[in-house]
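*Asks:* The structure that follows is given in the form of structure tokens.
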Amino acid sequence: MSEKLKTNPSIELSMETMTRRALVIGGGIAGMQTALDIADAGYEVILVEREPSIGGHMIQLSETFPTLDCSQCIMTPKMVEVSQHPNIRLMTYCEVEDVAGKVGQFDVTIKKKAAYVDREKCTGCGLCNEKCPTKVSSEFDLGLGKRKAIYVPFPQAVPPKPVIDADNCRFLKNGKCGVCKKVCEVEAIDFEQTDSFVEDRVGAIVVATGYDLYAKEKVSEYGYGQYPDVISGLEFERLLSASGPTNGEIRRPSDGRVPKEAVFIQCVGSRDQEKGVPYCSRVCCMYTGKHAMLYKHRVPDGQAYVFYMDIRADGKGYEEFVQRGVEEDGTLYLRGRVSRVFQQDGKIVVWGADTLTRKKIEIAADMVVLATAIVPTAGARELAKKLNITTDEYGFYNEAHLKVHPAESGRPGIFLAGCSHSPKDIPDTVAHAGCAASKVTTLFSSLRAGSDATDSLTQLSATEGREG
């Protein structure tokens, strides 16, 4: 390492050249925590989120393990705090288009996507949404519920201002309808609105773009996408949520019946070198245990089965949580893989094996829930090119050093937080976000004190020559 440092160019910064403003890309729990920590330290933050609201995947959850705290009860105050913080400029429905420059002097171009709603004029009254006649599948409810063509993603959205879905708006498609414009008393609807671009300069960038779930078509062997009662774990979260499409009641998507037998299958796409990804997604064992427990709470006369390879419950209180599900809620764990899932006589039949008893298992279930793999977000590699940082073979962003620099990318001034780096549970995500924020504030404060910035960036500059 020391020999490498000698050959790298030095980074010359001063109090005059450093811009003490940070850009945080991604408005999930990692991005919000990073932005709040930096802002609380007295520095300006631009928080960019590509969706109409901040909140990420965590706001979609019902409860969180191992305490079963209400996710929205945790997230909603934090989202409001972000939106009201004087040092945070919140830019939702926006994407980073270009990044140039170097640490302390990054010139960024941010695209503001056309929402066809003037968000400065909009009061969030909801009348346009109420009167819109077009209903389409809701992305927030993962297709289990409906939304309008002009919509706010969910009731607690921040900002609580709607956007128009151009692909489904009747007026934008064929010039008909326009009822939202007619009923808007503050004249906030603007069908002529186009994408616009904002340029700014920042001193540091934090990438907190989160994760996606393994594509539905890649786990079709389990009937996902073929049978409506085979759903993902995140879809099950929406059924559990009081704000979800069934108001918290567990009902089959196919016919609305309460499932009396539910099968939960772990490691769907994870730890599968032939058909999936070889890495462990880390959270699946725990949220499957949570799902089985909450299913029993909602359906006391039901039975939950869990097919698993092994249980990885390595967090504080995690092992006790899994045992609680077995002992108090009667979750039946079956150690083995599932060989086939098919529909027969209104049931979802699951064939598998219990390797502990060496017996074949056949369960005629009412619902099957898949713990699908966590993968990088769509567009992660494209963003990496814009930032001139690298990803691993799966698309997660590479850290400067796995052990001693887990929050720094290979490029000085660009940091990583949360699942954009690798799969993490919520506590680890928040801790990683705090680490990234501390790196940013250390960079800014060292220059504020008038010291030479080269020392604080020496370790990062060691990898600068590897980017391309």
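The values are calculated or read from the model by the stated rules, or taken from the named source; none is laboratory data. No experiment lies behind these values; they were computed from the predicted model shown. All Cβ positions, glycine included, derive from the backbone under ideal geometry; neighbour counts span all protein chains shown.
*Asks:* Filter segment 291-340 for residues that are outside any strand (DSSP E or B) and hydroxyl-bearing (Ser, Thr, Tyr); which is nearest to PRO259 (Cα to Cα)?
*Replies:* Only one residue fits best here, namely TYR295.
*Asks:* Here are GLY178, GLY145: which of them is within 19 Å of GLY55 (Cα to Cα) and either surrounded by fewer than 19 Cβ atoms within 10 Å (Cβ to Cβ) or in the same structural domain as GLN60 (by TED's automatic domain parsing) (or both)?
*Replies:* Criteria check complete, one pass: GLY145.
To keep it simple, each residue is scored yes or no on (1) out of contact with any helix residue (DSSP H, G or I) (no Cβ under 7 Å at 6 or more places or on another chain); (2) over 30 Å from PRO253 (Cβ atoms); (3) modelled with pLDDT under 95.
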position: ALA353; (1), (2), (3): yes, no, yes
position: ALA364; (1), (2), (3): yes, no, no
position: ILE374; (1), (2), (3): no, no, no
position: ASN388; (1), (2), (3): yes, yes, no
position: THR391; (1), (2), (3): no, yes, no
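*Asks:* Can you tell me which residues in segment 90-115 are over 19 Å from VAL152 (Cα atoms) and surrounded by 19 or more Cβ atoms within 10 Å (Cβ to Cβ)?
*Replies:* VAL96, VAL99, VAL103, GLY104, PHE106, VAL108, ILE110
*Asks:* In the list GLY104, GLY124, which residue meets the criterion of being among the small types (Gly, Ala, Ser) and more than 28 Å from GLU408 (Cα to Cα)?
*Replies:* From the options GLY104, GLY124, the qualifying one is GLY124.
A quick yes/no check of all residues on (1) closer than 24 Å to ASP212 by Cβ; (2) of a type in the set (A, V, I, L, M, F, W, C); (3) touching a residue at least 40 places away in the same chain (Cβ under 8 Å):
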{"site": "SER232", "(1), (2), (3)": "yes, no, yes"}
{"site": "SER241", "(1), (2), (3)": "yes, no, yes"}
{"site": "GLU261", "(1), (2), (3)": "no, no, yes"}
{"site": "PRO278", "(1), (2), (3)": "yes, no, no"}
{"site": "VAL283", "(1), (2), (3)": "yes, yes, yes"}
{"site": "LYS290", "(1), (2), (3)": "yes, no, yes"}
{"site": "LEU294", "(1), (2), (3)": "yes, yes, yes"}
{"site": "HIS297", "(1), (2), (3)": "no, no, no"}
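*Asks:* Sticking with this one: Among what's in segment 379-438 and is at positive phi and over 19 Å from the mean Cα position of the chain (by Cα), pick the residue that is surrounded by the fewest Cβ atoms within 10 Å (Cβ to Cβ).
*Replies:* Applying the filter and picking the extreme gives ASN388.
Yes/no per residue for (1) of a type in the set (Val, Ile, Thr); (2) in contact (Cβ under 8 Å) with a residue 40 or more places away in the chain:
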{"position": "THR123", "(1), (2)": "yes, yes"}
{"position": "GLY126", "(1), (2)": "no, no"}
{"position": "LYS135", "(1), (2)": "no, no"}
{"position": "ASP141", "(1), (2)": "no, yes"}
{"position": "GLY145", "(1), (2)": "no, yes"}
{"position": "CYS169", "(1), (2)": "no, yes"}
{"position": "LYS176", "(1), (2)": "no, no"}
{"position": "VAL186", "(1), (2)": "yes, yes"}
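*Asks:* Of the residues ALA35, ALA22, which is modelled with pLDDT of 95 or more, in contact with a Phe, Trp or Tyr (Cβ under 9 Å, 6 or more places away or on another chain) and not in a loop (DSSP other than H, G, I, E, B)?
*Replies:* Numbers: ALA35 fails: in contact with a Phe, Trp or Tyr (Cβ under 9 Å, 6 or more places away or on another chain).
ALA22 is the lone residue from the list that is modelled with pLDDT of 95 or more, in contact with a Phe, Trp or Tyr (Cβ under 9 Å, 6 or more places away or on another chain) and not in a loop (DSSP other than H, G, I, E, B).
*Asks:* Could you list, in sequence order, all residues of segment 79-89 that are part of a helix (DSSP H, G or I) and buried (at least 18 other Cβ atoms within 10 Å of the Cβ)?
*Replies:* MET79, VAL82
*Asks:* Scan segment 32-72 for residues that are surrounded by fewer than 21 Cβ atoms within 10 Å (Cβ to Cβ), at positive phi and among the small types (Gly, Ala, Ser) and jot them down.
*Replies:* GLY42, the sole residue that qualifies.
*Asks:* Report whether or not ILE374 is of a type outside the set (S, T, N, Q) and in contact with a Gly (Cβ under 8 Å, 6 or more places away or on another chain).
*Replies:* So ILE374 does not fit the description; no.
*Asks:* Continuing with the same structure: Condition (residue is under 20 Å from CYS284 (Cβ atoms), assigned to a loop (DSSP other than H, G, I, E, B) and not aliphatic (A, V, I, L, M)) applied to segment 189-207: is it met by at least one residue?
*Replies:* No, segment 189-207 has no match at all.
*Asks:* Specify the residue that is nearest to GLU249 (Cα to Cα); the eligible residues are those in segment 317-339 that are free of Cβ contacts under 8 Å to residues at least 12 places away in the same chain and not acidic (Asp, Glu).
*Replies:* VAL326
*Asks:* Return a yes/no flag: does segment 96-111 have any residue that is under 24 Å from ILE374 (Cα atoms) and out of contact with any Phe, Trp or Tyr (no Cβ under 9 Å at 6 or more places or on another chain).
*Replies:* Yes, some residue in segment 96-111 is under 24 Å from ILE374 (Cα atoms) and out of contact with any Phe, Trp or Tyr (no Cβ under 9 Å at 6 or more places or on another chain).
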